[in-house]
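Novice: Sharing a structure below in structure tokens format, with a few things to ask.
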Amino acid sequence: MLVRQKVIIHLIDKMGGESSFIRLTKTAFLYKRLVKSNKNDTFYDFVPYKYGPYSFNLHNELKKLIKNRYLYSLDKKTVRINNNLAIPSIDLQFEEQLRFFINKYSNLSDNKLSEHIYSQYPWFTINAAKIEKRRSMRPKASNLVYTVGYEGLQIDTFLNLMLKKGIEQVIDVRSNPVSRQYGYHKVTLMGLCNNLSIKYLHYPELGITSNRRKRIEESETLQQLLLWYRNNVEANNRQSILSVEDEIKKKPSVLLCMEADPNQCHRSRLAEIISRETGLMIYDLRRNICKTTLRKPEFLLL
């Protein structure tokens, strides 16, 4: 069991053994931000949603914990500890941190807890179902050729990045859009993007097939593969490229693939073609982890 899953079970236990899904989500959100521990490095991340911060990954893993009988839910609104199974152990010092944290907020009603989060973390109100609850605005990026790789990012981290950067459309350029990591399979990603009013498009013909990628392990180098891509994709997929260019000019869009560093991914070669033909500058949304020297674009408020 993952450490973050153990933490969730212990949080519920210290909340009296039962919690509504909404309160558990908000409690986990505060825990992420307020409890300092090296065990939190891989804890759930959150994204602005209908009722403040939400974690699609957390709720996906709650379903797994329920399926494995560590937890159970009778009404789909609350989750409870299964007292017939032993609670997974954690360090005593860490458990004491959790107890102190829970006691700090245990006396707050659900409404008070929500108001506290809304006032302290206004970013997470941008998609609030009740417009009067919104205390911040969703940004809109200027039109450039944006690229991004999801490698190493939880799905909520990725989605939050899209919102913060003002991206309105994800253009998936993977040949085979599947992933062992939750959230990045085509159907799942499309649904999650739609939940946040982010449009999702897929152009598999602009990706590199798995059989050609295998050549990297045999004889070709990565740079040879990327050179092949640049020399072939333009000639063989003109209509698709023109379609992508049209989408990018209409609304802030990002070319999506897996690799974190654009220098190691075919999306950078595709971006070069689009940039040359549209006159738009290229900007990778995770530029801090690669060697690009492109200037930071300005962002506009809706």
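The values are calculated or read from the model by the stated rules, or taken from the named source; none is laboratory data. The model shown is predicted, which means the values in this text are computed figures rather than measured ones. We place every Cβ from the backbone using ideal geometry, glycine too, and count neighbours over all the protein chains shown. Surface areas here come from the heavy atoms of the whole protein model, side chains and all, with no ligands, DNA or RNA. Shrake-Rupley method; radii C 1.70, N 1.55, O 1.52, S 1.80 Å.
Novice: Take the conditions open to solvent by 50 Å² or more (accessible area, probe 1.4 Å), modelled with pLDDT under 95, hydrophobic (A, V, I, L, M, F, W, C) and touching a helix residue (DSSP H, G or I) at 6+ places or on another chain (Cβ under 7 Å) and apply them to I208. Does it pass?
Specialist: No.
Novice: Hey, could you check the stretch 274-298 for residues that are part of a helix (DSSP H, G or I) and out of contact with any Asp or Glu (no Cβ under 8 Å at 6 or more places or on another chain) and say which is modelled with the lowest pLDDT?
Specialist: Within the stretch 274-298, the match that is modelled with the lowest pLDDT is N288.
Novice: Then there's this: Taking S109 as meeting all but one of (1) over 17 Å from the mean Cα position of the chain (by Cα); (2) among the polar types (S, T, N, Q); (3) surrounded by 15 or more Cβ atoms within 10 Å (Cβ to Cβ); (4) closer than 30 Å to G16 by Cβ, write down the number of the exception.
Specialist: Failed condition: (3).
Novice: So which residues in the stretch 267-287 are open to solvent by 50 Å² or more (accessible area, probe 1.4 Å) and of a type outside the set (K, R), if there are any at all?
Specialist: Passing the criteria: E272, E277, G279, M281.
Novice: Kindly evaluate K165 against the criterion of being open to solvent by 70 Å² or more (accessible area, probe 1.4 Å), under 17 Å from V145 (Cα atoms) and under 23 Å from the mean Cα position of the chain (by Cα).
Specialist: Criteria not met by K165.
Novice: Could you go through the stretch 145-154 and let me know if any residue there is open to solvent by 40 Å² or more (accessible area, probe 1.4 Å), more than 27 Å from H10 (Cβ to Cβ) and more than 21 Å from the chain's Cα centre (by Cα).
Specialist: no
Results for (1) of a type in the set (K, R); (2) modelled with pLDDT of 90 or more; (3) assigned to a helix (DSSP H, G or I), shown as yes or no for each residue.
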position: R4; (1), (2), (3): yes, yes, yes
position: I8; (1), (2), (3): no, yes, yes
position: R80; (1), (2), (3): yes, yes, no
position: P88; (1), (2), (3): no, no, no
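Novice: How about the stretch 49-69: which of its residues are of a type in the set (S, T, Y) and within 13 Å of R4 (Cβ to Cβ)?
Specialist: Within the stretch 49-69, just S55 meets the criteria.
Novice: Let me ask you something else. Return the residues of the stretch 25-48 that are within 16 Å of Q5 (Cα to Cα), crowded, with 21+ Cβ neighbours inside 10 Å and either among the charged types (D, E, K, R) or touching a strand residue (DSSP E or B) at 6+ places or on another chain (Cβ under 8 Å) (or both); say none if nothing qualifies.
Specialist: Within the stretch 25-48, T25, K26, T27, F29, D45, F46 qualify.
Novice: Right, another one. What residue, among those in the stretch 50-64 that are of a type in the set (F, W, Y) and either out of contact with any strand residue (DSSP E or B) (no Cβ under 9 Å at 6 or more places or on another chain) or outside any helix (DSSP H, G or I) (or both), is farthest from N194 (Cα to Cα)?
Specialist: That would be Y51.
Novice: Let me ask something else about it. Can you tell me which residues in the stretch 82-106 are closer than 22 Å to S37 by Cβ and open to solvent by less than 70 Å² (accessible area, probe 1.4 Å)?
Specialist: Selection gives I87, P88, I90, F94, E95, Q97, L98, F101, I102, Y105, S106.
Novice: Only one residue in R138, R174 is at pLDDT 95 or above, touching a strand residue (DSSP E or B) at 6+ places or on another chain (Cβ under 9 Å), of a type outside the set (S, T, Y) and closer than 30 Å to G279 by Cβ, so which one is that?
Specialist: Being at pLDDT 95 or above, touching a strand residue (DSSP E or B) at 6+ places or on another chain (Cβ under 9 Å), of a type outside the set (S, T, Y) and closer than 30 Å to G279 by Cβ holds for just one of R138, R174, which is R174.
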